[in-house]
Amino acid sequence: MRIICLDLEGVLVPEIWISLAEKTNIKDLFLTTRDIEDYTELMDHRLKVFNREGLKISDIHNAVKSLEPFNGAKDFIDSLSDDNQVIILSDTFYEIAAPLLNKLGNPTVFCHHLNISNKGNITGYNLRIKDQKTEAVKAFHNLGFTVFAAGDSYNDIGMLRAADRGILYSAPQALMKQYSNFKTADNYEDLKELLTK
């Protein structure tokens with residue numbers, strides 16, 4: 001049995017933090033895992049911005065509500081699920097991704113948790129485990145699964161390396177050049193072929 005692991009943001013849905021940056025006009029929030037490899041460094045940066053600007057979880061919810069999955073994303077997941085187990089491995093947080101996950105048909109998702117105060121302030125975050133995407137692929141291998149994976153950012157590289165087949169999907173040119181050993185795709189039809197053949 002094959003498990004297909006997919007990143008969420010950039011593969012199935014728009015980048016949540018970029019949407020928030022656009023809505024709040026805060027340039028410091030435009031940075032994503034495409035820009036900063038170290039996820040802890042990126043999240044610490046985001047928390048500092050939130051504290052500085054007085055943003056709350058409601059500000060993220062307002063940004064997320066306006067987002068839609070990429071055209072064809074739900075059908076893509078549904079078609080993959082016909083013959084494979086599909087799991088979303090994401091470095092987002094359950095507290096902010098739920099509306100988008102509902103629009104994708106509530107697929108199985110492994111991600112992280114935010115710490116939120118009674119006043120709605122984001123006070124911290126809890127990573128499930130360090131480098132959870134890579135560790136999940138290793139765990140699936142230990143359970144006897146073949147794993148194919150697709151992602152678009154630096155924080156997906158460990159997952160792609162650990163998988164039996166790793167694919168960069170609609171990734172920046174610099175990332176594809178740096179990791180030219182991975183197969184690439186820029187549409188769901190080609191990605192499905194690489195994930196299922």
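Just so it is clear, none of the values below were taken in a lab; they were calculated from the coordinates. None of these values were measured; they are calculated from a predicted model. Backbone-built Cβ (ideal geometry, glycine too); neighbour counts: all protein chains shown.
Quick notes
- Counting Lys and Arg as +1 and Asp and Glu as -1 over every other residue whose Cβ lies under 10 Å from the Cβ of HIS112, the net charge comes to -1.
- With a simple spin-label model that places each label point 7 Å from the Cα along the Cα-to-Cβ direction, the separation between ASN121 and LYS56 comes to 1.2 nm.
- The local environment of LYS74, defined by Cβ-Cβ distances under 13 Å, has a net charge of -2 under the rule Lys, Arg +1 and Asp, Glu -1.
- Euclidean distance of C-alpha centroids, the stretch 125-178 and the stretch 31-61, integer Å: 22
- Zone of LYS23's modelled label, taken as backbone nitrogen in the stretch 87-118 under 12 Å from a point 7 Å along Cα→Cβ: 96-97, 99-100
- Of all DSSP-defined beta bridges confined to the chain, some 20% are antiparallel rather than parallel.
- Stretch gain in nm, segment ASP82-THR196, where the contour uses 0.36 nm per residue and the Cα spacing is subtracted: 40.0 nm
- Of LYS138, LYS119, LYS177, the one that fluctuates the most in a GNM where the chain has Cα springs shorter than 10 Å: LYS119
- Relative contact order (percent, whole number), the chain, Cα cutoff 8 Å, 6+ residue spacing: 25
- Derived from the Cα gyration tensor, the three semi-axes of the equivalent ellipsoid of the stretch 5-56 are 20, 14, 9 Å, largest first.
- All lysines inside 26 Å of LYS56 as judged from Cα atoms, apart from same-chain residues fewer than 8 positions distant: LYS23, LYS27, LYS48, LYS65, LYS103, LYS119, LYS130
- Partner lysines for LYS197 [C-alpha distance under 21 Å; skip if fewer than 8 residues away on the same chain]: LYS74, LYS183
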